[in-house]
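Below is one structure, written out as structure tokens; comments come after it.
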């Protein structure tokens, strides 16, 4: 097929590459504008732009895809289909209906569950046992179009937002290629999504990562995994931010049942345990300002933590 590809972050790259390697003619890669990054504020290419340039695909970076001149530019390529993977802008009806096969979206959840911006992380945070990828015929709603194909992925016990991202990106690339093949041969039967209320995957922000030690240990542990690697779960210690990268749910240390949530109830050479609203968490990996991620044992060899100290109070 003659394809216009729309995508921006790392998650999109595998699908772009898979389409090219499957023999489709990607005539244009549409992505978000370059952005300044780092202390030097040097302009950085979006990952899709970097990949497209490696394959010699023309790149287009409109600030607002809805503008008439943008719509007409896309129309000039006379593509058979548009493939959209985490592009980052809402597409108008003129674009959605521009090509013979319309716009196909690769969405990182088992629709209709987890429509929205951050389905990968919320599946981990919410304790889902499985997630997956859905290809969808886009309409003007937010992830409400007819479903085409699905791939189911089981979540590991210690699944993180990062590890699930990589699994779903790979699965989505394969599923997109299969979807286009079956669309060409006419063997897909689109399925309408349910109109019943569904879990919405709202956008992540750094404030979401602040650990509320009054919550139960299971929920906090899932939050830590879901926000790994971004934006990360954190607490405060000695007036510093302490990022928590890995922890295990544990029972309360004997005698600590009445301790205030956030209290360090046990310290050993390799780990320390924190009381929560229900149960406790044993901290395995963390990070403090100016330092790399480290296991709790390495941290405890350099810093003193005492039982009775309360995290999150400063």
Just one of the numbered conditions (1) in contact (Cβ under 8 Å) with a residue 40 or more places away in the chain; (2) over 22 Å from the mean Cα position of the chain (by Cα); (3) closer than 24 Å to residue 230 by Cα is not true of residue 42; which one?
(1)
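Any residue at all in the stretch 73-90 that is in contact (Cβ under 8 Å) with a residue 60 or more places away in the chain and over 25 Å from residue 181 (Cβ atoms)? Show your work before the answer.
Going residue by residue through the stretch 73-90, those that are in contact (Cβ under 8 Å) with a residue 60 or more places away in the chain are 74, 77-88.
Next, from what is left, pick out any that are over 25 Å from residue 181 (Cβ atoms): 88.
The answer is yes; a qualifying residue exists.
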Selection count where residues are part of a helix (DSSP H, G or I) and touching a helix residue (DSSP H, G or I) at 6+ places or on another chain (Cβ under 7 Å), scope the stretch 142-182:
11
Extreme residue, farthest from residue 221 (Cα to Cα), among residues of the stretch 288-310 that are in contact with a helix residue (DSSP H, G or I) (Cβ under 9 Å, 6 or more places away or on another chain) and surrounded by 15 or more Cβ atoms within 10 Å (Cβ to Cβ)
305
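I need the helices (runs of 4 or more DSSP H) fully contained in the stretch 17-125, keeping only those with at least 2 residues that are over 25 Å from residue 139 (Cα atoms) and touching a strand residue (DSSP E or B) at 6+ places or on another chain (Cβ under 6 Å).
Working: elements: 47-54, 68-75, 93-96, 119-125.
The qualifying helices (runs of 4 or more DSSP H) are 47-54.
In the stretch 246-261, what residues are under 28 Å from the mean Cα position of the chain (by Cα) and surrounded by fewer than 22 Cβ atoms within 10 Å (Cβ to Cβ)?
Initial filter on the stretch 246-261 (under 28 Å from the mean Cα position of the chain (by Cα)): 246-250.
Within the stretch 246-261, 246, 248, 249, 250 meet the criteria.
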Does at least one position in the stretch 190-203 carry a residue that is surrounded by 15 or more Cβ atoms within 10 Å (Cβ to Cβ) and without any contact (Cβ under 8 Å) to a residue 24 or more places away in the chain?
no
If you go through the stretch 55-72 one residue at a time, how many are free of Cβ contacts under 8 Å to residues at least 24 places away in the same chain and crowded, with 17+ Cβ neighbours inside 10 Å?
1
Residue 229 vs (1) over 28 Å from residue 165 (Cβ atoms); (2) surrounded by fewer than 19 Cβ atoms within 10 Å (Cβ to Cβ): all pass except (1)
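Values in this text are rule-based calculations from the coordinates and carry no lab data. All values derive from a computational prediction rather than experimental measurement. All Cβ positions, glycine included, derive from the backbone under ideal geometry; neighbour counts span all protein chains shown.
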